[in-house]
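Read the figures in this text as sums done on the coordinates, not as results from a lab. This one's a predicted model, so the numbers in the text were calculated from it and none came from an experiment. All Cβ positions, glycine included, derive from the backbone under ideal geometry; neighbour counts span all protein chains shown.
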């Protein structure tokens, strides 16, 4: 079993990275080489701006290359509850931005001819308890008329047509969702940005940001110093470096994934005949899908812990047990990959994008970054070109999380709370 991301292990290596030290000046410096930064670099370099992207590790090497490969439309929130909190029109706008984000990913794949196994498959949210199906029916009723017409209910008696196993009691299908090989997509996105003129520096950790005037910054990195007219922060949870403001507002939550050996098609036709993206209704639930080479990818929180080799193995064992409980036919199936990563959570699980001290940022996708990070990279490029209305999150307040200064000491308490909710619901 490899303790590394299946996506990164089966993707080609990015080979168009810039060599040597960073240039002295650029129109834009982007901090972070995940989907947000790469998407913005592509959009801005298409506008003939000089773009320098600084990535501390390898492009798409963190959250962008360590997720479940699901590209889903729709919020992960109770729409009615969100509408009561921020208003129905705003909730509808935010919901539809997630749907549009899937279109953004597909357009880039088509325009840049990226070989990344992109396909529209739909996302099925499956009721993990009989009483959860009534909640899915209510969500369907709230959304179908004027928010998302691309929804369908799968009744409990019909669920075996979509997924065969234990613990499934109906579902809600969001038809426009998609899936892709995120490792191939990340490298392809980086190649496309470099092809359009962006200079991408890997192993270039940012150590200091020095504001010159207005939006102009001097950016210090392990590969030299560059002055930029604008800077976009797209480095996820900002665990290191001069980003204390953002660390107080984001909580890195561990998420873990296992991938099986290649499975016979006949077996896949039994356990996942629908061949969709799947997610369960529990607060600490699971998600799963089939990879392009016929493996089952199965993920979830497993443990409220940080990712490291020992932690990943412990979490992998829990995930394997949960997988076998759902799909007893996989009891003797070999696990070939196990890995973990961090999901950057905001307090309300909604992204944030805007400016702080004239520094542009887009962060906090809270488990929905595959599509939203790509979409917001394009949107923030448009904002930086003078179109602030392109940012759907521009009016959202973002106070610090009380008692949080970077290390999430409270995660075990949060995990216990959600485990209790799952038992009681």
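Got a sec? Which residues in segment 158-183 would a label at residue 331 touch, if it sits 7 Å along Cα→Cβ and we count backbone N under 13 Å? Within reach of a label on residue 331: no residues. Counting neighbouring Cβ atoms within 10 Å and putting the fewest first, the residues 84, 384, 372 line up as 84, 384, 372. Put a dot 7 Å past the Cα of residue 120, heading toward its Cβ, do the same for residue 195, and the two dots end up 2.4 nm apart.
The label-point distance for residue 103 and residue 275, in a model that sets each label 7 Å from Cα toward Cβ, rounds to 2.6 nm. Taking 320, 215, 378 in turn, the Gaussian network model of the chain (Cα-Cα springs below 10 Å) assigns the largest fluctuation to 215.
Based only on other Cβ atoms within 10 Å, what is the fewest-to-most ordering of 93, 62, 24?
Details: 93 12, 62 24, 24 9.
In order of increasing Cβ crowding within 10 Å: 24, 93, 62.
Roughly how tilted is helix 88-111, in degrees to the nearest 10 and between 0 and 90, from the longest Cα axis of the chain? The answer is roughly 80 degrees.
Once you've got the GNM for the chain with C-alpha springs shorter than 10 Å, pick whichever of 156, 351, 392 has the biggest mean-square fluctuation. Comparing 156, 351, 392 in the GNM, the peak value goes to 156. Compute a Gaussian network model of the chain, connecting alpha carbons closer than 10 Å, and tell me which residue from 106, 210, 55 fluctuates the most. Comparing 106, 210, 55 in a Gaussian network model of the chain, the most mobile one is 210.
The angle between the Cα long axis of helix 182-195 and the main principal axis of the chain comes to about 20°, on a 0 to 90 degree scale. Between the helical axis of 309-326 and the longest alpha-carbon principal axis of the chain there is an angle of about 30 degrees.
Ordered by the count of other Cβ atoms within 10 Å of each Cβ, fewest first, 358, 146, 312 give 146, 358, 312. Each residue of segment 6-412 gets 133 Å³ once the volume of the Cα convex hull is shared out per residue.
Given a Förster distance of 35 Å, report the FRET efficiency between residue 385 and residue 81 from their Cβ-Cβ distance, rounded to the nearest 0.05.
Values: r = 35 Å, r/R0 = 1.00.
After rounding, the FRET efficiency stands at 0.50.
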